[in-house]
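Enquirer: After the structure tokens below, expect a handful of questions from me.
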Amino acid sequence: MNYDYIFKIIIIGDSNTGKTSIVKRLCENKFMSVCNGTIGVDFSTKITELENGIFVKSQIWDTGGNIKFKKLLRQYYKGVACIVVTFSLSSSDSFQSVPSWLDEIKNNIIDDNPPLIILVGNKSDVQHRIVSREEAEKFSKNNGLIYIETSAKINHNIKKLETCIVNNIYNNMDKSISGIQSMENHLKDNFNDNKQSRYNCCWLC
């Protein structure tokens with residue numbers, strides 16, 4: 001399928017917050033009741049059509065939440081257009097970890113144009129939530145974040161999250177950011193007559 005832009009997105013947060021389940025629901029509309037923890041980074045793609053007929057391909061990097069993977073993950077912050085920070089609405093510990101994840105972003109983003117950051121409170125289907133909406137919304141407002149509550153299990157607000165990501169990136173994008181690339185430039189950069197440049201392509205598009 002043809003598309004006009006490629007957006008690089010990473011999803012971070014503590015283990016067991018549902019990062020992989022969100023990506024699985026977003027990209028395949030599937031939910032697995034049992035997911036093995038992500039070791040390092042997994043890669044998925046999603047194509048979205050905007051209201052103006054523009055097609056966007058999102059390259060989504062699903063990261064392991066274990067602290068031992070943090071050094072490995074730092075290379076993936078380069079040239080990212082959007083970072084989704086997740087926590088579980090049923091876990092106060094995962095919410096308390098959000099500031100440390102924001103510090104990770106601050107310490108590793110060196111681009112002049114910072115990426116869009118969205119805070120996601122996942123597992124909104126739980127009967128007894130620990131983190132209140134008011135608390136999460138206040139934290140998001142104080143830190144200049146977009147906040148969305150989702151449930152990958154019952155497919156709550158997953159489409160809203162997708163739309164929020166691609167529309168906000170597209171409407172505010174600076175095409176000089178490496179995390180946002182037009183298909184025309186992507187092909188020119190990686191499939192021109194210079195043989196060496198061919199090997200710079202990720203081959204995943």
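Enquirer: Modelled label-to-label distance, residue 172 and residue 16, 7 Å Cα→beta-carbon offset: nm?
Expert: Taking the two extended label points, one gets 3.3 nm.
Enquirer: Continuing with the same structure: Would you tally the net charge around residue 95, using a Cβ to Cβ cut-off of less than 14 Å, leaving residue 95 out, and scoring K and R as +1, D and E as -1? If you can, show how the numbers build up before the last one.
Expert: Working: positive: 123, 129, 133, 138; negative: 14, 93, 134, 135, 137, 149.
Neighbourhood net charge equals -2.
Enquirer: What percentage of all Cα-Cα pairs in segment 91-153 are separated by more than 21 Å? It would help to have the intermediate numbers written out before the result.
Expert: On the way: 506 of 1953 pairs.
Pairs farther apart than 21 Å: 26 percent.
Enquirer: Could you sort 19-29, 114-124, 79-89 so that the peptide with the highest average Cβ count within 10 Å comes first and the rest follow in order? Walk me through the numbers on the way to the answer.
Expert: Values: 19-29: 20.7, 114-124: 22.9, 79-89: 24.5.
Going from most to least packed, we get 79-89, 114-124, 19-29.
Enquirer: Now, a different point. Can you pick out the pairs among 57/153; 24/78; 46/123; 57/141; 24/141 whose Cα atoms lie more than 26 Å from each other?
Expert: On the way: 57/153 24 Å; 24/78 24 Å; 46/123 22 Å; 57/141 29 Å; 24/141 28 Å.
Listed pairs above 26 Å: 57/141; 24/141.
Enquirer: Right, another one. Take peptides 90-98, 49-57 and line them up by average Cβ neighbours within 10 Å, highest first, as a rough protection proxy. Walk me through the intermediate numbers first.
Expert: Numbers: 90-98: 18.6, 49-57: 13.2.
Listed from highest to lowest mean packing, they are 90-98, 49-57.
Enquirer: Name the long-range amide H neighbours of residue 117: under 5 Å, sequence gap of 5 or more, or other chain; modelled H, no Pro or chain starts.
Expert: Long-range HN contacts for residue 117: 83, 146.
Enquirer: At 7 Å along the Cα-to-beta-carbon direction for both residue 142 and residue 154, put a label point, then send me their distance in nm to one decimal.
Expert: It works out to 2.9 nm between the two label points.
Enquirer: Between residue 41 and residue 132, what is 0.36 nm times their sequence separation minus the Cα-Cα distance? Round to one decimal in nm.
Expert: 29.8 nm
Read-outs: derived from the displayed coordinates by stated rules, not from any lab. Since we're looking at a predicted model, the values are computed, not measured. No Cβ is skipped: glycine too gets one built from the backbone with ideal geometry, and neighbour counts run over all protein chains shown.
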